[in-house]
1. Please state the shape class of segment A:1-130: rounded when a/c is under 1.5, otherwise prolate if a/b exceeds b/c and oblate if not, all from the C-alpha gyration tensor.
2. Where does chain C land at 222 nm, in deg cm²/dmol rounded to the nearest 500, when only DSSP H runs of n ≥ 4 count, each adding -39500 (n - 2.57), divided by all residues?
3. Under a Cβ-Cβ cut-off of 12 Å, what is the net charge of the residues other than C:ALA296 that fall near it, where Lys and Arg count +1 and Asp and Glu count -1?
4. What's the total accessible area buried between chains A and C, using a 1.4 Å probe, rounded to the nearest 100 Å²?
5. For the full complex of protein chains and a 1.4 angstrom probe, list C:HIS226, C:HIS136, C:HIS237 by accessible area with the highest value first.
6. Whole number in Å², please: accessible area per residue of chain C, 1.4 Å probe, ligands, DNA and RNA not counted.
7. Most fluctuating residue of A:THR68, A:THR176, A:THR120 in a GNM of chain A with Cα springs under 10 Å: which is it?
8. I need the P(r) histogram for segment C:272-382: all alpha carbon pairs, bin width 5 Å from 0 out to the longest distance, whole percents.
Amino acid sequence: MKLVHPLMKYVRPGAISTATCAGCGDGIMAQAVLRAIDELELNIDDFVFVSGIGCAGWIPSPFFNADTLHTTHGRPIAFASGVKLARPDRKVVVISGDGDLAAIGGNHLIHAARRNIGMTVICANNGIYGMTGGQVAPTTPLGLKTTTTPYGNVERAFDLCALVEAAGASYVARWTTYHARGLTRSVKKALTKRGFSFIEVLSQCPVQYGRRTGVGNAVAMMKGYKENSLSVKKAASLNEEELKNKIIVGELVDKDSPELTEEIEKVRRIHE
Amino acid sequence: MIEIDEDLCKGCEICVAFCAKDVLEMSDKFNKKGVHPPLVVREEDCNLCGNCMLYCPDLAIVVAEEEESG
Amino acid sequence: MGKEILTGVYFMQGDIACAEGALAAGCKFFGGYPITPASEIAERMAERLPQVGGVYIQMEDELASIAAVVGSSWTGAKSMTATSGPGISLMQENIGYAVATETPCVLINVQRGGPSTGIPSIHLQGDIIQARRGSHGEYKIIALAPASAQEMFDFTIDAFNLAEKYRTAVFVLADAFVGHTREEVIIPEPEEIYRVQRKLPEAGSSEGKIRGFLDEDIAPMPIFGHGFKTHVTGSCHNDFGQRNVIDAEALDYYIKRLNNKISKRAHEIISVSQDMDGKEVALISYGSCYRAAREALNILEDEGMRQVGSFRLITVWPFPRVQIQELARKVKSIIVLENNLGQITPYVEAAAGGQAEVIFLPPRVLGTLHDPHAIVDKVKEVIP
Ligand SMILES: Cc1ncc(C[n+]2csc(CCOP(=O)(O)OP(=O)(O)O)c2C)c(N)n1
Ligand code: SF4
Ligand code: SF4
Ligand code: SF4
Ligand SMILES: [Mg+2]
């Protein structure tokens, strides 16, 4: 008997073989998103997937067999906002890279969170600019030598979850590709959450990060995620020194606040 | 049972590394992409945990319970 | 529900007329960011869109505004933004995206004095070339230039119709003068307003088989939410929207198809108005300069000089090259009136090809309307 992968039904014919490098964490993320949709028994035709430019932008585009908008570098959340505002009944999901969402597109990220617009943003954080050849990103660890920080990175890395939480998101979680099950659970939660949900996923780039910086291959990077991560609960009892260089994984925010398109609908109803 | 779509495999070895039961090994043969896909060598040890499937970035592995015959 | 079309006669500001034109055209989405002298359009849309079941959103900047407009257009909503030069400068990358992905949208540029922050409330026709080529790569654009508050209403409707018909981004190149002028505006009965709706694929069109892009005859738009499973990308793509970032052949096809879509239909898109029969001298103008041209012609007529006529560009882009070629064969001189340092003048010269003398005439002070008498004086230099 030939087994068919249960998620293949969501993959665009002709795009089955992904464009990513061997071992790239983005494939694990793609699978987690599709698995969440499958387990929730949602119809993928009710979704619009929006992505920017970068390797992570190719997670849904063209891989997911659904309406997909592959946009410009940094702007997917702004495009997605237009989609959601015009069609609030759509499930709008942005999947893109750390550079895309937090450097060039950082302003759109915080404002979407502030508005609490009903969309899910999933950030593939590989700590680097993968597509353009391993340049420093705002998420690159301090001291790391990249192609544009040959003497070591002198800038601090962004804590994306803290940023989005401060801006007002309804749901925030962080996982790594090693935590694919937790990630799937969070995607399910995010997809059914009212308001703005954000999931940061540490996703290995074995080529531009792993190989160039000597951190190792995909397996070594995922083992690193396993060894260096702590649950939110565990982290709560540790001090700053003990948390240094640790990855805190799990749900960081889960709260209820008014969602933008519902508020707009209320204003409209005054005129009916 | 485990099935590997060899031609989708990119040879990253994640599945082999994260199988706690040592069921998989990289093979010597080349697939269409020119890489070595893994081989199921100790299927009897497999506990169907699904890790290999969950972690394969290229949807190349399917793990499913054997359908009861009869 | 409020009315989409406020039939009646009004004394109205150009910017407000523009907003009303958009609503009359069926606009349901406005994404923008405040800027003088275009803010009144946003303010009017913020008030009016919720009344007609539409959405107004003030985005965090103009990059986001145009992105939201494109996103909304992909759901099928007629969508627009309005800004001035600094905003258009920020929008450039995504204007190219709208053209490349064949997304109908309307961009109002109420031009102001530049470069840079310049003077916000003074009108200049400084962004004419920017509209044509401001985004990178090889593409075509459509741009209309209104000269009055009434035309702010009429041309905004035309812009929506062109955007829907040709599936592309269309500019309305207004300026602070026409945006802020208060004049009589007649809003017709709803049934007198011509509205174009984009073509959609037939319902139930089988997924993956829809040629939704790169058709020189304008592909139906496989908008989101209908199970078309559309793949939209600003990367090089084929008729089905499939990305190809490897082959030069694919790029060649992509560029030529997108450009031919407009250039092969330039004759249907281009609109000029002229009264050049039997004339010797042409006053070429567009936008607010047309007002000065008309006044100068009135003075000349009063003085009995009937050899001078007006040739007005209603669409600045695509450029009416053939029409100006013909004009140059018939007249002795062409005087080009622009409120800048000569942005379309080189295009006029190229089209005239030496058949007629081409003279560029800016206002004495940039950012003001031409003194009609200065135009008359220039005409008298040409025909003593
Ligand atoms: C406006 C603009 N600037 C720069 C680029 C070049 N560029 C493409 S992808 C990219 C960075 C991608 O990094 P990230 O978003 O982290 O995605 P990754 O490739 O790492 O998944 C850059 C700078 C671009 N396409 N557009
Ligand atoms: S460069 Fe890095 S992020 Fe990009 S596909 Fe390759 S491994 Fe993945
Ligand atoms: S299902 Fe689990 S035990 Fe079986 S091969 Fe995969 S990883 Fe190993
Ligand atoms: S994880 Fe997938 S791609 Fe990687 S070696 Fe195993 S089967 Fe091949
Ligand atoms: Mg990155």
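The values are calculated or read from the model by the stated rules, or taken from the named source; none is laboratory data. The shown structure was predicted, so the numbers you read here are calculated from the model rather than taken from an experiment. We place every Cβ from the backbone using ideal geometry, glycine too, and count neighbours over all the protein chains shown. The accessibility values were calculated without ligands, DNA or RNA, using every heavy atom of the protein model including side chains. Shrake-Rupley method; radii C 1.70, N 1.55, O 1.52, S 1.80 Å.
1. Here segment A:1-130 falls in the oblate category.
2. Values: 13 runs with 142 residues, N = 384.
About -11000 deg cm²/dmol.
3. So the environment of C:ALA296 carries a net charge of -2.
4. Details: alone 13490 and 15780 Å², together 26180 Å².
Buried: approximately 3100 Å² between C and A.
5. Highest to lowest solvent-accessible surface, that is C:HIS136, C:HIS226, C:HIS237.
6. Roughly 37 Å² per residue, with all protein chains present.
7. Fluctuation is largest for A:THR68.
8. 2, 14, 26, 27, 20, 9, 1, 0
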